[in-house]
Amino acid sequence: MSPTFAQLGVPDYIGRALAQRGIVEPFEIQSAVLADALAGNDICGRAPTGSGKTLAFGIPLVANVDRAGPHKPKALVLAPTRELADQIMTEIRSFAGGVRVAVVYGGVGYDAQRRALRRGVDILVACPGRLEDLIDQREVSLSAVDRIVIDEADRMADMGFIPAVRRLLDQTAPEPQTMLFSATLDGDVASLTRDYQHRPVRYEIGEETPDVVAADHLFWNVSSTERTEVAAEVVSAAGSAIVFCRTRHGCDRLARRFDRIGVRAAAIHGGRSQNQRTRALQAFAAGRVEALIATDVAARGIHVEGVSAVIHYDPPGDHKTYLHRSGRTARAGRGGVVVSLVQPGQVKELRHMQRELDLQQPLTDVDLNAVRSLDGGASRPTEPAVAANPTRQPAVDSQPRRADGKPRHPDAKQRSRKPERGRAKNRSRRRRSNNRRPRPAAARRPMAKTGA
Ligand code: ADP
Ligand code: MG
């Protein structure tokens with residue numbers, strides 16, 4: 001039995017606000033972290049995307065934060081992207097009661113942000129660049145900040161924000177409580193922990209990488225001429241999808257093509273204004289568009305409920321990118337499908353990436369039934385947006401998959417990740433049978449507490 005929020009020390013008013021949103025039972029990272037974080041300890045948490053980290057740090061912030069004076073927030077949450085910062089603010093506000101939460105990031109005007117800071121913000125959620133601008137303009141000072149969260153520290157590092165993060169951490173009150181969360185805890189992230197955390201309590205949940213195995217992974221041969229059509233069919237079969245393209249231009253072009261063949265789509269990339277990006281995201285979250293077409297940078301940290309499918313329209317640059325992209329679906333214990341559209345010249349790279357990730361699914365012909373029959377797919381069968389290509393062969397791997405409506409493997413055992421050499425032996429057998437079962441959500445996996 002996992003403890004309840006109340007048993008972990010969460011104040012009643014927060015518990016009630018969460019219950020109104022249907023959040024009644026803590027996820028694993030929350031059970032692991034809340035008591036220590038509420039007690040004011042430093043936290044260093046590794047957990048995959050979708051495991052519920054926002055509440056793990058948001059609840060202790062709201063419960064403990066003091067009232068801020070003008071320009072001097074008391075708690076700071078650093079996040080790598082605007083979308084992520086917005087999502088954190090929205091999530092925290094949902095149970096914040098009288099605690100004032102505001103967000104600052106670049107790409108939008110300064111006025112509203114300045115006004116909020118002047119009035120006083122208890123918990124400030126910020127992207128590093130804009131926060132440094134506002135500090136230079138003397139609109140905000142971090143001197144009263146005694147609680148800090150560094151969210152998605154690994155992405156912060158990927159995006160080159162570590163020097164800025166260090167400069168910001170150097171300006172806070174002495175010995176603040178720091179809570180750091182990341183999908184990986186090595187490299188730059190390890191040095192942040194070493195230099196800025198005081199005997200952090202460490203929690204590590206799931207594997208070193210975001211949990212992609214909760215989703216079903218499909219790899220299909222497509223020619224360049226049929227790629228758009230196949231992607232559109234996947235969107236229709238799944239009900240909604242995030243489609244990844246390599247370039248901004250590629251995103252815009254695909255959005256136009258989708259439009260022409262009747263798939264409602266919106267593009268989101270760094271070339272679009274913050275307003276356009278926010279509108280695209282809202283339209284997608286509300287179901288007004290079926291496909292969100294994104295570049296890798298734009299999609300970092302996006303969380304939209306119930307994304308049924310991720311489509312790798314262009315191949316990811318490397319296996320880490322595959323994980324980040326694929327982690328947009330099958331979140332919070334739900335199913336999802338990840339489809340890679342592989343063109344003839346891309347097979348070698350694909351094999352390499354699959355080896356890195358230990359994903360052994362075969363490269364097959366297009367098989368839309370594999371998408372439709374998944375519980376991550378649309379609940380009602382939808383007509384393909386365009387007529388299916390009649391010459392297409394069914395994929396070799398077309399055994400029915402969990403069309404029975406049962407929950408996904410609630411008691412599936414955790415399969416421990418073996419070292420590379422030990423795995424090689426099993427590989428051919430597993431590839432043949434290809435019956436690797438999706439594991440339960442990372443949040444339900446056994447957790448290792450590695451320090452205290
Ligand atoms: P992460 O930051 O680890 O990627 P989030 O904090 O964004 O994950 O949480 C993912 C989703 O799960 C959010 O929609 C959040 O509201 C939901 N969620 C978090 N905790 C719970 C819970 N205990 N019960 C139900 N839903 C939850
Ligand atoms: Mg998060």
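Applying the condition of being of a type in the set (Gly, Ala, Ser) and closer than 22 Å to Ser141 by Cβ to the range 56-95 and asking which residue is farthest from ligand 2 (Cβ to nearest atom) yields Gly69. Residues that are hydrophobic (A, V, I, L, M, F, W, C), modelled with pLDDT of 95 or more and open to solvent by less than 20 Å² (accessible area, probe 1.4 Å) within the range 139-156 comprise Val140, Leu142, Val145, Ile148, Val149, Ile150, listed in sequence order.
Of all residues in the range 1-39, those being β-branched (Val, Ile, Thr) and near ligand 1 (Cβ under 9 Å from one of its atoms) number 3. Among the residues making up the range 234-275, those that are small (Gly, Ala, Ser) and not in a helix (DSSP H, G or I) are Gly239, Ser240, Ala241, Gly262, Ala265, Ala266, Ala267, Gly270, Gly271, Ser273.
The residues in the range 128-162 that are assigned to a helix (DSSP H, G or I), more than 16 Å from ligand 1 (Cβ to nearest atom) and under 27 Å from Gly52 (Cα atoms) can be counted, and the count is 6.
Residue by residue, here is whether (1) closer than 25 Å to Arg328 by Cα; (2) out of contact with any strand residue (DSSP E or B) (no Cβ under 8 Å at 6 or more places or on another chain) holds:
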{"position": "Gly9", "(1), (2)": "no, yes"}
{"position": "Ile14", "(1), (2)": "no, yes"}
{"position": "Asp42", "(1), (2)": "no, no"}
{"position": "Gly45", "(1), (2)": "yes, no"}
{"position": "Pro48", "(1), (2)": "yes, no"}
{"position": "Pro60", "(1), (2)": "no, no"}
{"position": "Ala63", "(1), (2)": "no, yes"}
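Just to verify a result, which residue in the range 1-46, among those that are within 16 Å of ligand 2 (Cβ to nearest atom) and in a helix (DSSP H, G or I), is nearest to Leu61 (Cα to Cα)? Full working, then the answer.
First, the residues of the range 1-46 that are within 16 Å of ligand 2 (Cβ to nearest atom): 23, 26-30, 32-34, 37, 43-46.
Now drop any that are not in a helix (DSSP H, G or I), which leaves 28-30, 32-34, 37.
Values: Glu28: 19, Ile29: 16, Gln30: 13, Ala32: 16, Val33: 13, Leu34: 10, Ala37: 9 Å.
So the residue we want is Ala37.
Among the residues of the range 51-66, are any among the small types (Gly, Ala, Ser) and at pLDDT below 95?
yes
Being touching a strand residue (DSSP E or B) at 6+ places or on another chain (Cβ under 7 Å), at pLDDT below 95 and open to solvent by less than 40 Å² (accessible area, probe 1.4 Å) is the requirement here; does Ala116 meet it? Spelling it out, it is not the case that Ala116 is touching a strand residue (DSSP E or B) at 6+ places or on another chain (Cβ under 7 Å), at pLDDT below 95 and open to solvent by less than 40 Å² (accessible area, probe 1.4 Å). In summary, Glu356 fulfils each of the numbered conditions (1) assigned to a helix (DSSP H, G or I); (2) at pLDDT 90 or above with the single exception of condition (2). Which one is nearest to Gly9 (Cα to Cα), of the residues in the range 55-66 that are open to solvent by less than 30 Å² (accessible area, probe 1.4 Å) and either in contact (Cβ under 8 Å) with a residue 60 or more places away in the chain or near ligand 1 (Cβ under 9 Å from one of its atoms) (or both)? Across the range 55-66, the extreme among qualifying residues is Pro60.
Scan the range 166-193 for residues that are open to solvent by less than 10 Å² (accessible area, probe 1.4 Å) and within 16 Å of ligand 2 (Cβ to nearest atom) and the total you get is 5. Contact map, the range 80-98: first residue part of a helix (DSSP H, G or I), second residue open to solvent by 40 Å² or more (accessible area, probe 1.4 Å) and within 11 Å of ligand 1 (Cβ to nearest atom), Cβ cut-off under 6 Å, separation 6 or more or different chains; pairs are Gln87/His303.
Residues checked against (1) among the acidic types (Asp, Glu); (2) at pLDDT below 80; (3) surrounded by fewer than 18 Cβ atoms within 10 Å (Cβ to Cβ):
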| residue | (1), (2), (3) |
| --- | --- |
| Asp259 | yes, no, yes |
| Ala265 | no, no, no |
| Ala298 | no, yes, no |
| Gly301 | no, yes, no |
| Val304 | no, yes, no |
| Gly327 | no, yes, no |
| Ala330 | no, yes, no |
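Summed over the range 67-112, residues that are more than 16 Å from ligand 1 (Cβ to nearest atom), acidic (Asp, Glu) and under 22 Å from Met156 (Cβ atoms) total 0. Among the conditions (1) surrounded by 24 or more Cβ atoms within 10 Å (Cβ to Cβ); (2) more than 8 Å from ligand 1 (Cβ to nearest atom); (3) of a type in the set (Ser, Thr, Tyr), the only one that Ser51 does not satisfy is (2).
Of all residues in the range 170-192, how many are in contact with a strand residue (DSSP E or B) (Cβ under 8 Å, 6 or more places away or on another chain), polar (S, T, N, Q) and not in a loop (DSSP other than H, G, I, E, B)? Working first, answer last.
Step one: filter the range 170-192 for residues in contact with a strand residue (DSSP E or B) (Cβ under 8 Å, 6 or more places away or on another chain), giving 172, 176-185, 189, 192.
Among the residues that remain, those that are also polar (S, T, N, Q) are: 172, 177-178, 182, 184.
If we keep only those that are not in a loop (DSSP other than H, G, I, E, B) as well, we get 177-178, 182.
Adding up the residues that qualify gives 3.
The values are calculated or read from the model by the stated rules, or taken from the named source; none is laboratory data. These numbers come from a predicted model, not from an experiment. In this analysis, Cβ positions are derived from the backbone assuming ideal geometry, glycine residues included, and neighbour counts consider all displayed protein chains. Just the protein is used for accessible areas: all its heavy atoms, side chains included, with ligands, DNA and RNA removed. Shrake-Rupley method; radii C 1.70, N 1.55, O 1.52, S 1.80 Å.
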